[in-house]
Every structure is written in structure tokens, then in C-alpha cells.
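Q: Handing you this structure, nothing more for now.
The values are calculated or read from the model by the stated rules, or taken from the named source; none is laboratory data. This one's a predicted model, so the numbers in the text were calculated from it and none came from an experiment. Cβ atoms come from the backbone with ideal geometry, glycine included; neighbour counts cover every protein chain shown.
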Amino acid sequence: MKRMVQRAVAVVAAITMLSALGACGGGQSADGSAKGTINVVASVNQWGTVAKALGGGNVNVTSIINSTNVEAHDYEPTTADIAKLQKAQVIVVNGAGYDSWAVKAAKSTNADVVNAAEVSGKKSGDNPHVWFSAQVREDTAKAIAAAYKKVAPSKADDFDKLYEQWQSKENDLMKRIAEVKKSADGLTYAATESVADYLANDLGLKDVTPTGYAQATANESEPTPTDIRQFTDALESGEIKLLVVNTQEETDLTGKITDAAKSANVPIVELTEQMPDKYDSLTAWMEGLIDEFSAAIQKAG
């Protein structure tokens, strides 16, 4: 609750600053953007890299959150962040409650806003880590390309070609997912947080995370000792064949679960919510994670 109140206060302050900036002047004109580059702002870098791939040299993309050291849920936008959003012609947000500060701030701009969760029918309360979903990536890419063509219609052919190039790489990724799914289909897994559930589902894995633990983490509350015991017992008994750990949210409790997995020789896939610096695109990040899942699945099998 404290985190929610803090986020609400930060968002209200951000929107107040945004309104003040908006009174001083809006974004670039449609005519100017058609001649130059489209100013694009993404709330998080995973969507920022997609926006860049789909726009090429026709866009200037800024991602507000670029580090695995930053928690997007709790992020408090700065005055500089608000200024960037105000100047944007296209804004890409994640939605589903993940970056509420950006979604609310974007409403006070004149930009075309692409909400990744909304374009795929996701809403607040659904798992917000939607970039792990192949369907959401596809839907969001289409929406970004459409926004670009709306802002700079004279460059529509360029955007179509860039979308085709992006889709070709995504299709290769889907083929890789299909290959891994052949050996993974139905294999049980559990997660310290539901970060990669969409990816695990695409791979055909079966989520058997203990219900009490899953509900507690989803509600940002502490799992009970019983929840933790059920988790560690399931690892020790072999019910859970694979463990997924979000290293951005490691605690003493997740440490106990990880230790139990190691003791039971349960393969572990470690990942983060934000895209690590070593990857230059969302597609490349997904490829890396699928390789890690594939290696763990082989060990579990």
C-alpha cells in the first residue's frame, strides 16, 4: 500500500509538471516531423528497441528506463522525463499497471500513444510483463508502425519495409520457440515472480507455483512460512522440474527457494524484468532467454 501511495503522489506531481510544460508549447508539427525525424519516447527500453527497429533513421527514440537496477513499478519520473514526454510525437508505454506513471503522464500530451497491453486486450490486473508474449510483441509492433505512418505518411513505404524486417527476425524467434516447445511441452515449472509467465506459456511449460505464494507475490505482500514450505517441499519432491528466478527482486525468502532448488538439483533460469545492457533489442533478449530455457529444459528432462 505504501508503494502504491508513493507512486500515486509521484504521478500527480509529474502530471502537474507536464501540464505546466504543455502550456509553454506543444510538440513538433506533423509537417515538421514528416520532413525530419519522429521524436519517440518509450517508458522502458525493451519497447524502445522495438520502436527504434521499426523506425530506423526516421525516428529518434529515447527510453526513460534503461537499467536493470531500476524498478519500473516504483519509478518516479523526473522533470526531465516529463519534458521528454511533452516533446514526443509518439509515446510507447507498457500498460497493465506496470508503468502507470508513464501512462498517466502521456495522456496530457499531444502524442500518438501506443499502449502495448491495451493493443493486445490486456488490462490492469493482468500480468503486466507483456513483452515476454509473442502475440503482444506482434500486436505492439503493428501499432507502432501504424503510429509512425500516421505522423509521417510520406515515409509509409520505409516503415512497411522496416516492419517486414522486424517481423522476419521475430518469425525466426518463433521457429526457435516451436523447436524448444517440442521438448518442453507440459514440463512443470515454478517462479519466484510471474515475470516470464508469457514466455513460459509460449514454450508450453506448466506453471505449478504454489497458489498461496503466487497470490502473495502478485499482491506485493509477504508469502507466509507455510507458502514458503509448500514451495520448497514441491522442489524437493520433484513436483517442480524447473525454477525461474527474477534476480531484480531477490530476498531472503527467494534465497531459501533458490537454495532448495539447488539442493534438489532443479535447473534454474535467472532473468530480470528490464532488458540487460548486453542486448541491443527485445528480440535478441528473447533469443538469449530461450537458449537459457532450452538448456535448463534439457537438464530437467
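Q: When only residues in region 14-66 that are assigned to a helix (DSSP H, G or I) and among the hydroxyl-bearing types (Ser, Thr, Tyr) count, which is modelled with the highest pLDDT?
A: THR49
Q: Tell me, which residue of region 107-134 that is outside any helix (DSSP H, G or I) and of a type in the set (Val, Ile, Thr) is surrounded by the fewest Cβ atoms within 10 Å (Cβ to Cβ)?
A: The qualifying residue surrounded by the fewest Cβ atoms within 10 Å (Cβ to Cβ) is VAL113.
Q: Please go through region 185-198 and give me each residue that is in a helix (DSSP H, G or I) and either assigned by TED's automatic domain parsing to the domain that holds PRO128 or under 17 Å from ILE257 (Cβ atoms) (or both), ordered by number.
A: Passing the criteria: only ASP197.
Q: Take ASP197 and decide whether it is buried (at least 20 other Cβ atoms within 10 Å of the Cβ) and either over 22 Å from the mean Cα position of the chain (by Cα) or modelled with pLDDT of 95 or more (or both).
A: yes
Q: Let me ask you something else. Please specify each residue of region 144-162 satisfying the condition of being buried (at least 20 other Cβ atoms within 10 Å of the Cβ) and among the small types (Gly, Ala, Ser).
A: ALA145, ALA147, ALA152
Quick grid of which residues meet (1) in contact (Cβ under 8 Å) with a residue 12 or more places away in the chain; (2) surrounded by fewer than 16 Cβ atoms within 10 Å (Cβ to Cβ); (3) over 11 Å from the mean Cα position of the chain (by Cα); (4) over 24 Å from LYS169 (Cβ atoms):
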residue	(1), (2), (3), (4)
TRP47	yes, no, no, no
GLU71	yes, yes, yes, yes
ASP81	yes, no, yes, yes
LYS87	yes, no, yes, yes
ASP99	yes, no, no, yes
VAL136	yes, no, no, no
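Q: Among the acidic types (Asp, Glu), touching a residue at least 40 places away in the same chain (Cβ under 8 Å) and outside the structural domain of GLY55 (by TED's automatic domain parsing): does that describe GLU170?
A: Here the answer is no, as GLU170 does not meet what is asked.
Q: Any residue in region 219-228 that is among the polar types (S, T, N, Q), at pLDDT 95 or above and assigned by TED's automatic domain parsing to the domain that holds GLY56?
A: No, because not a single residue in region 219-228 is among the polar types (S, T, N, Q), at pLDDT 95 or above and assigned by TED's automatic domain parsing to the domain that holds GLY56.
Q: For region 229-236, check the following and say yes or no: at least one residue is closer than 21 Å to TYR98 by Cβ, surrounded by 17 or more Cβ atoms within 10 Å (Cβ to Cβ) and out of contact with any Pro (no Cβ under 6 Å at 6 or more places or on another chain).
A: no
Q: Residues that are touching a residue at least 12 places away in the same chain (Cβ under 8 Å) and polar (S, T, N, Q): which helices (runs of 4 or more DSSP H) entirely in region 199-301 hold 2 or more of them?
A: The qualifying helices (runs of 4 or more DSSP H) are 225-237, 252-263, 282-300.
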